[in-house]
Amino acid sequence: MNHRNLIFLLGVAAIFVSMQAFAQTPSDFMVVPIPAFHKEARVLFQGDSITDGNRGRSADPNHILGHGYVFIIAARYGAAFPERNLTFLNRGVSSNTVLDLAKRWQQDTLDLKPDILSVLVGVNGNSRVPLDQFEQVYDKLLADARAANPDIRIVLCAPFALPVGKKKEIWEEWSAGIKERQEIVAKLAQKYRAALVCFQPVFDAACQKAPAEHWIWDGTHPTYSGHELLADEWVRTVREFWPAQ
């Protein structure tokens with residue numbers, strides 16, 4: 001065997017060994033467990049268009065969770081921990097405000113009996129809802145969820161935005177409203193001992209690496225890159241907020 005053939009065979013052998021080392025599910029190496037995702041846990045994501053992610057309205061498992069951060073989280077943890085038999089549910093509805101959530105809260109939240117309830121609302125259409133009403137209605141929704149299940153784990157996602165497209169023209173007013181709703185969500189998170197996911201600092205930091213349009217195409221709705229940021233921050237926050245069962 002000449003020297004060149006020997007090098008080739010050694011290279012093939014090295015590749016084979018590497019493939020064997022990663023023969024397990026890749027997610028086994030990349031996904032850090034979330035203690036709150038206990039066996040048989042039901043995880044419900046509630047909110048507006050950002051959560052909706054153009055989700056399907058049938059039982060078709062290809063589309064039922066949409067194409068946003070909810071899908072990313074569910075795909076990641078459903079693949080990494082199949083033995084836990086986790087159930088992920090998406091009931092986000094495009095353009096919904098807290099007033100719309102209130103109308104369907106019984107059917108789309110309480111009746112689903114979630115162990116973990118994640119809410120992201122206040123980014124878009126809620127600018128039409130007065131701040132005091134936003135807080136009062138949101139407070140009532142969370143109180144009802146806690147009353148239905150005293151052990152429920154609540155995750156509140158603070159609204160966010162970036163000055164992109166038409167939002168640039170009204171940015172001062174728009175961002176002020178977002179900030180006020182961020183403060184309300186933080187207040188409610190403290191009241192209900194909920195995990196608070198703060199997306200705004202994540203997007204602000206990301207804009208140091210790429211233009212705002214790379215992360216949120218219209219100032220409100222994330223791109224696929226933006227949804228990955230949402231998923232990562234959601235996971236990090238929830239994992240650290242409840243570090244052990």
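The values are calculated or read from the model by the stated rules, or taken from the named source; none is laboratory data. None of these values were measured; they are calculated from a predicted model. Cβ: placed from backbone, ideal geometry, glycine included. Neighbour counts: every protein chain shown.
Exactly one residue among L162, L229 is over 29 Å from R42 (Cβ atoms), surrounded by 14 or more Cβ atoms within 10 Å (Cβ to Cβ) and out of contact with any Ser or Thr (no Cβ under 7 Å at 6 or more places or on another chain), and that residue is L162. Per this entry, A205 is not counted among residues that are closer than 22 Å to A74 by Cβ and among the hydrophobic types (A, V, I, L, M, F, W, C). Listed conditions (1) under 22 Å from R76 (Cβ atoms); (2) surrounded by 16 or more Cβ atoms within 10 Å (Cβ to Cβ) are all met by T223, apart from (2).
Residues that are aliphatic (A, V, I, L, M), in a loop (DSSP other than H, G, I, E, B) and farther than 18 Å from V238 by Cβ are absent from segment 99-115 altogether.
Residues in segment 54-68 include none that are in a helix (DSSP H, G or I) and modelled with pLDDT of 95 or more. On the basis of being surrounded by fewer than 17 Cβ atoms within 10 Å (Cβ to Cβ) and closer than 21 Å to F37 by Cβ, does D144 make the cut? For D144, the condition - surrounded by fewer than 17 Cβ atoms within 10 Å (Cβ to Cβ) and closer than 21 Å to F37 by Cβ - is not met.
For the residues Q190, Q200, Q182, the requirement of being under 22 Å from G68 (Cα atoms) and over 15 Å from the mean Cα position of the chain (by Cα) singles out Q182. Being at pLDDT below 95 and of a type in the set (D, E, K, R) holds for only one residue in R42, R4, and it is R4. Residues that are among the small types (G, A, S) and modelled with pLDDT under 95 were ranked within segment 96-130; the one that is surrounded by the most Cβ atoms within 10 Å (Cβ to Cβ) is G122. Taken as a whole, the condition of being closer than 19 Å to G92 by Cβ, charged (D, E, K, R) and surrounded by 13 or more Cβ atoms within 10 Å (Cβ to Cβ) does not apply to D139. A search for C-beta distances below 7 Å between a residue of segment 141-165 that is more than 20 Å from L229 (Cα to Cα) and any residue that is at pLDDT 95 or above and acidic (D, E), counting only pairs 6+ apart in sequence or on different chains, returns I152/D115; R153/D115. Residue pairs whose Cβ atoms lie under 6 Å apart, separated by 6 or more positions or on different chains, with the first residue in segment 79-90 and at positive phi and the second of a type in the set (V, I, T) and at pLDDT 95 or above, do not occur. If I filter segment 58-77 down to residues being of a type in the set (G, A, S) and crowded, with 18+ Cβ neighbours inside 10 Å, which single residue comes out as nearest to the chain's Cα centre (by Cα)? Looking at residues that are of a type in the set (G, A, S) and crowded, with 18+ Cβ neighbours inside 10 Å, I get G68. The combined condition, being of a type in the set (G, A, S) and either surrounded by 15 or more Cβ atoms within 10 Å (Cβ to Cβ) or free of Cβ contacts under 8 Å to residues at least 40 places away in the same chain (or both), is fulfilled by A186.
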